[in-house]
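Structure first, commentary second.
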Amino acid sequence: MKLDEMNIAIIKHLRDGRKPYSSIADELNVTENTVRSRVNKLMEEGVLEITGLVDSEEVPGLQVCLMGIKLKSMDLGKKAREISRLRGVVSVSVVTGRYDLIAQVLLNDAQDYALIDFFTKELVKISEILNVETFVVYQAYNQRVPYIL
């Protein structure tokens with residue numbers, strides 16, 4: 001799908017996912033139906049997802065970790081997709097630098113899902129991991145995450 005100027009403008013307005021299509025239409029001088037059909041098409045194409053995000057520091061027990069992952073193989077996309085399906089994983093990116101992948105992971109001590117649980121119950125399922133370096137987020141600014149646990 002082509003991201004033209006109108007689609008980009010609509011997406012910018014949807015930073016507030018609850019903003020009415022009628023308000024967006026008024027501000028962009030188009031019809032509400034135009035906004036609705038474009039949003040639906042963007043969602044169908046997988047370009048846009050409207051979802052609720054939480055401030056990770058406001059959810060009791062929630063902890064965010066970033067993990068640098070070095071692989072034994074160069075099948076980066078396949079391994080990234082495998083890791084992305086593990087419990088608690090928000091995202092996985094193929095990156096440059098000393099790691100092959102960077103994963104963002106949610107943990108929650110209040111739900112008995114700590115870092116050790118992620119390693120022993122989830123990450124152990126993935127073969128060809130050479131090493132992992134974990135970065136526990138102690139304090140975040142402007143960090144919003146989907147609550148997927």
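Read-outs: derived from the displayed coordinates by stated rules, not from any lab. Only a predicted model underlies this, so the values are computations on that prediction, with no experimental measurement involved. Cβ placement follows ideal geometry from the backbone for every residue including glycine, while neighbour counts extend to all protein chains displayed.
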Starting from the Cα gyration tensor of the stretch 5-44, take the square roots of the eigenvalues, sort them a ≥ b ≥ c, and report rounded, prolate or oblate (rounded when a/c is under 1.5, otherwise prolate if a/b is larger than b/c, else oblate).
rounded
What number of lysine-lysine pairs in the stretch 1-85 show an alpha-carbon separation below 21 angstrom, given a sequence spacing of 8 or more or placement on distinct chains?
6
Among Tyr21, Tyr113, Tyr99, whose mean-square fluctuation peaks in a Gaussian network model of the chain (Cα, cutoff 10 Å)?
Tyr21
Exposure proxy order (Cβ contacts within 10 Å, fewest to most) of Thr31, Thr96
Thr96, Thr31
Say the dipole of the chain comes from +1 at the beta carbon of Lys and Arg and -1 at that of Asp and Glu; which of Tyr99, Phe135, Val39 then lies farthest toward its positive end?
Tyr99
Select from Ala114, Ala25, Ala80 the residue whose mean-square fluctuation is largest in a Gaussian network model of the chain (Cα-Cα springs shorter than 10 Å).
Ala25
In whole Hz, what ³J(HN,Hα) sequence does the stretch 115-132 give by Karplus (6.51, -1.76, 1.60; θ = phi - 60°), x for Gly and Pro?
4, 4, 5, 4, 5, 7, 10, 10, 5, 4, 6, 9, 7, 6, 8, 7, 7, 9
Run through the stretch 28-103 and list the GluC sites (Glu not before Pro) located in a DSSP loop whose Cβ has at most 15 other Cβ atoms within 10 Å.
Glu45, Glu49
So, with +1 on the Cβ of K and R and -1 on the Cβ of D and E, and no other charges, what is the size of the charge dipole of the chain about its Cα centre, to the nearest 20 debye?
440
Using the alpha-carbon centroid of each, what span in Å lies between the stretch 123-149 and the stretch 1-58?
28
As straight-line cross-link partners of Lys125, the qualifying aspartates and glutamates (C-alpha separation under 20 Å, not fewer than 8 residues apart within one chain) are Asp75, Glu82, Asp100, Asp112, Asp117, Glu133
Classify the stretch 18-110 from the C-alpha gyration tensor, please: rounded if a/c falls under 1.5, else prolate or oblate depending on whether a/b exceeds b/c.
oblate
Among trypsin sites (Lys or Arg not before Pro) in the stretch 16-45, those in a DSSP loop whose Cβ has at most 12 other Cβ atoms within 10 Å are Arg18
